[in-house]
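Just below is one structure, and these are the notes that go with it.
The values are calculated or read from the model by the stated rules, or taken from the named source; none is laboratory data. If you're wondering where the values come from, they're calculated on a predicted model, not measured in any experiment. Reconstructed Cβ throughout: ideal geometry from the backbone, glycine too, with neighbour counts over all protein chains shown. Accessible surface areas use protein heavy atoms only, side chains included; no ligands, DNA or RNA. Shrake-Rupley method; radii C 1.70, N 1.55, O 1.52, S 1.80 Å.
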Amino acid sequence: MSSRRPVEPKDTERSTLVSSTVAAVWGLMLVLFAFVSWQARFVMDEFNLFQGLRSFSKHTLYQTLDPIKTVFGTELFRIANLASGSVGIMRAGRMLGLCATLATMAAILLISRELWPHARHRLLVLVSALSYSNLFEGAFSIRTDTVALTFAAGSLLFLVRSRRRRSHLVVSGSLMGLSFLCTQKAVYLLAAYFIALVVATWLDSGWRRALQDSLLFAGGWLAVFVGYAIYFGGTHGWRVITMVLLGPRFVLEGTAAFSGLGMFIYQTLTRNLIPYAISLAGLGIALARWKSAGFSIRVALIATVIVTILIFHHDQPWPYVFVWPQMLLSLWVIPLADWVAERRWLARDQAVLALTFLAALSLPRQVRYLNHTNAEQISVMVQAENLLEPGSTYFDGIGMIVDRDIAGDYPGWWWDTPTIARIRAALRSGNVSALQSVMDDHPKLWILNYRILIMSDVVQRMVAGGYVRISPNLLLSGVELNPGAPETPFACHWAGRYRLFNRHGGAVAGPVGLDGLAPAEVVSISPGLHRVRGPQSKEPLFLLPADTPVRNPLAPQGPVPDLFAEVYTY
């Protein structure tokens with residue numbers, strides 16, 4: 001005879017109230033998450049993805065261009081190019097990232113149902129996930145890591161279900177293969193899943209079954225990998241395989257240029273003390289019950305532990321890499337709620353409410369993060385794109401105008417810390433090819449940002465006499481006429497039609513003399529060094545592209561606004 005007391009109406013009412021509370025907190029977090037994904041300040045790497053797609057379109061991949069990283073994840077974002085303009089493309093990309101993250105959360109929720117089929121208030125898992133600052137502030141980013149995690153979450157779902165059907169192992173391996181083809185960094189997840197499968201199966205069914213199941217998983221992964229190689233390489237697929245496996249070493253060669261990244265480990269721990277404490281406590285409880293745990297829980301446990309250890313030992317612990325372990329760690333809030341109830345410190349509903357309250361303590365920071373907007377970036381992007389007709393190029397070392405071509409060769413236009421170090425080393429040896437490749441593409445516009453300022457000693461020589469600062473962050477092809485001299489030298493880098501403008505940005509109906517030729521109001525100028533003569537004027541005059549839609553004072557003084565301020569430290 002069962003000793004369990006019958007469920008009373010008030011218990012059901014209380015459980016419904018708790019479920020509603022958890023759902024309300026999660027709903028609020030989700031709304032904030034959606035707002036943040038739309039308006040949070042763009043990180044440099046997000047522009048890189050779309051500029052990379054423009055570079056890919058000009059080449060045959062793995063034939064005329066060897067991408068350092070796998071490109072499947074990048075190609076998935078190509079649909080965002082259907083949007084209009086650079087701002088539209090970036091926001092469409094963010095929405096794709098948001099959808100991928102929601103799919104990841106759905107997979108995590110289904111995994112929790114596989115691990116604890118009778119548990120109530122399962123949305124607590126997602127509340128726990130969104131309470132992590134790294135996840136809340138960056139899981140939607142336009143990165144291949146975002147979609148890689150989605151495939152990896154799907155892979156884990158089929159892996160914990162594989163006791164039902166062994167074909168799930170092939171599906172799991174295939175999804176893990178897609179994750180790897182989004183970013184080779186997913187090898188961390190691949191290793192964790194493979195080890196988890198082998199260990200859990202061996203303990204549950206012996207080494208023969210472990211060998212068979214691991215081969216099925218590996219077969220699914222290998223089939224996707226080989227398919228990728230054949231698609232891009234055809235009969236030369238082996239070369240694609242070699243590039244995919246060896247490509248990361250080119251990335252690792254530049255990691256020495258980064259320093260101080262350990263601060264982000266300290267940052268994630270201090271900002272997420274409560275979420276980590278909850279997750280690790282639940283993880284510890286589950287590990288303590290290892291002997292009685294089933295196959296699925298053992299797989300999830302091993303995978304979570306290995307992924308967490310590998311990511312925290314990653315040689316480049318940027319804030320976004322912690323999203324992977326945080327998504328897995330959020331699963332283990334369920335065992336903690338059960339353990340508290342078993343100890344009768346609180347009823348389970350009360351334990352769930354308490355954990356929900358602790359997770360909700362992250363809400364004030366989440367609300368404050370809404371102030372970290374991309375409004376200034378978008379303003380500059382709109383102004384810059386209006387100055388760049390299709391076919392014109394620009395340069396900023398980042399690629400902010402994703403609907404226009406950046407000057408320079410791929411991937412040399414990406415002026416991150418390792419690239420800048422390589423350029424400076426080359427300059428010391430007399431090699432100017434990296435800078436020459438930029439100027440050979442005749443940029444009409446420069447966007448000033450922290451990377452350009454780091455190279456300001458070099459850039460100033462590149463733009464001297466050929467560009468005018470028309471707004472705090474923009475340099476446009478042109479020259480300020482010297483009122484005290486009969487002629488002004490103009491080192492033109494962009495071929496086009498030019499005319500005079502006053503300091504307020506208004507067009508001036510005045511003749512322009514070029515290289516001693518007859519003056520005209522609008523003159524066509526080709527790249528090269530020219531002599532410009534303007535009319536007598538008491539105020540400064542500027543020679544700029546004739547179609548320049550400037551409505552603000554030219555040649556502003558003062559510091560350059562930082563378009564990427566606190567993108568990792570806000």
Just to make sure I understand: if all protein chains stay in place, what is the order of PHE180, PHE232 by accessible area at 1.4 Å, largest first? PHE232, PHE180
Area accessible to solvent at MET263, 1.4 Å probe radius, in Å²: 100
Using the Cα gyration tensor of the range 302-410, the equivalent ellipsoid's semi-axes, largest first and to the nearest Å, work out to 47, 20, 9
Please compute the volume of the convex hull spanned by the alpha-carbon atoms of the range 341-491 and report it per residue in Å³. 204
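Packing-wise, with mean Cβ within 10 Å as the measure, how do 185-191, 54-60, 223-229 rank, highest first?
Values: 185-191: 20.6, 54-60: 13.4, 223-229: 18.3.
Those peptides, ordered most packed to least, come out 185-191, 223-229, 54-60.
Where the only charges are on Cβ atoms (+1 Lys, Arg; -1 Asp, Glu), what is the dipole of the range 476-570 about its Cα centre, to the nearest 20 debye? Intermediate values should be presented prior to the final figure.
Values: 7 positive and 8 negative charges, 58 e Å.
Dipole of the range 476-570, to the nearest 20 debye: 280 debye.
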Neighbourhood charge, 15 Å Cβ-Cβ cut-off, centred on PRO519 and excluding it, Lys, Arg +1 and Asp, Glu -1: +1
Show me the helices of the chain, taken as full DSSP H stretches, that run 15 Å or more along their long axis by Cα and average 0.0 or above in Kyte-Doolittle hydropathy. 9-39, 85-115, 144-160, 167-182, 187-205, 207-233, 237-252, 273-288, 295-312, 348-360, 375-387, 417-428
Sort the following peptides by mean Cβ neighbour count (other Cβ atoms within 10 Å, averaged over residues), highest first: 430-436, 163-169. 163-169, 430-436
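Which value, in debye to the nearest 20, describes the size of the charge dipole of the chain about its Cα centre when Lys and Arg Cβ atoms bear +1, Asp and Glu Cβ atoms bear -1, and nothing else is charged?
For the chain, the charge dipole is close to 1900 debye.
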Go ahead and estimate [θ] at 222 nm for the chain from helices alone: -39,500 (n - 2.57) per DSSP H run with n ≥ 4, summed, over the residue count, rounded to 500. -17500 deg cm²/dmol
Of the listed peptides 303-316, 124-137, what is their order by residue-averaged count of other C-beta atoms within 10 Å, with the highest listed first? 124-137, 303-316
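Just check the range 360-399 against the gyration tensor rule for me: Cα atoms, a ≥ b ≥ c as the square roots of the eigenvalues, rounded for a/c under 1.5, and otherwise prolate or oblate depending on whether a/b exceeds b/c.
Details: a/c = 5.51, a/b = 3.40, b/c = 1.62.
In terms of gyration-tensor shape, prolate.
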When only the heavy atoms of the protein chains count and the probe is 1.4 Å, how do ARG298, ARG497, ARG424 rank by accessible area, highest first? ARG497, ARG424, ARG298
Below 8 Å between Cα atoms, with a sequence gap of 6+, how large is the relative contact order for the chain in percent? 15
Between Rg and the Kirkwood Rh of the chain, both from Cα atoms, what is the Rg to Rh ratio? 1.07
Whether the range 105-219 is rounded, prolate or oblate, judged on the alpha carbon gyration tensor where a/c under 1.5 counts as rounded: oblate
